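S.K.: Before I ask anything, here is the structure I am working with.
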């Protein structure tokens, strides 16, 4: 049952991702960062991994919007990831794809 639910979830994600291919893309600026915990299922228990994310600011029709994007940093030691996220990159290595009818609905695409 869990496998079926997972497969349906993946299928919905891929259909949704495919639908966003027609959305316009724009550049972005890295405006901030955060570190979030994620539970990863191990063989006997759940392991907490910390993942760094960038807050990306993008502009549509002279209005600013924000979206979160995963960075390349993750580790079991929160302080390590936080130390990497404290230094924001000068250039945004993402493009933001947004819904033209609702620009606040967006996703970050790695370049």
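The values are calculated or read from the model by the stated rules, or taken from the named source; none is laboratory data. Computed from a prediction, not measured in an experiment: that's the story for all the values here. No Cβ is skipped: glycine too gets one built from the backbone with ideal geometry, and neighbour counts run over all protein chains shown.
S.K.: Which members of segment 73-104 meet the condition of being within 26 Å of residue 39 (Cα to Cα) and in contact with a helix residue (DSSP H, G or I) (Cβ under 9 Å, 6 or more places away or on another chain)?
M.R.: Correct list: 73, 74, 75.
S.K.: Can you pull out every residue in segment 38-66 that is assigned to a strand (DSSP E or B) and over 16 Å from the mean Cα position of the chain (by Cα)? Let's see the steps before the verdict.
M.R.: Going through segment 38-66, the residues assigned to a strand (DSSP E or B) turn out to be 38-41, 46-60, 63-66.
Of everything in segment 38-66, those that are assigned to a strand (DSSP E or B) and over 16 Å from the mean Cα position of the chain (by Cα) turn out to be 39, 40, 41, 46, 47, 48, 59, 60, 63, 64.
S.K.: Mind checking whether some residue in segment 8-24 is in contact with a strand residue (DSSP E or B) (Cβ under 8 Å, 6 or more places away or on another chain), under 18 Å from residue 109 (Cα atoms), surrounded by 10 or more Cβ atoms within 10 Å (Cβ to Cβ) and at pLDDT 95 or above?
M.R.: Yes: segment 8-24 contains one or more residues that are in contact with a strand residue (DSSP E or B) (Cβ under 8 Å, 6 or more places away or on another chain), under 18 Å from residue 109 (Cα atoms), surrounded by 10 or more Cβ atoms within 10 Å (Cβ to Cβ) and at pLDDT 95 or above.
S.K.: Which one is nearest to residue 24 (Cα to Cα) among residues in segment 45-65 that are out of contact with any strand residue (DSSP E or B) (no Cβ under 9 Å at 6 or more places or on another chain) and modelled with pLDDT of 95 or more?
M.R.: In this case the residue turns out to be 61.
S.K.: Can I ask one more? Pull up segment 78-92, narrow it to residues that are part of a loop (DSSP other than H, G, I, E, B) and in contact with a strand residue (DSSP E or B) (Cβ under 7 Å, 6 or more places away or on another chain), then point me to the one that is surrounded by the most Cβ atoms within 10 Å (Cβ to Cβ).
M.R.: Here the answer is 92.
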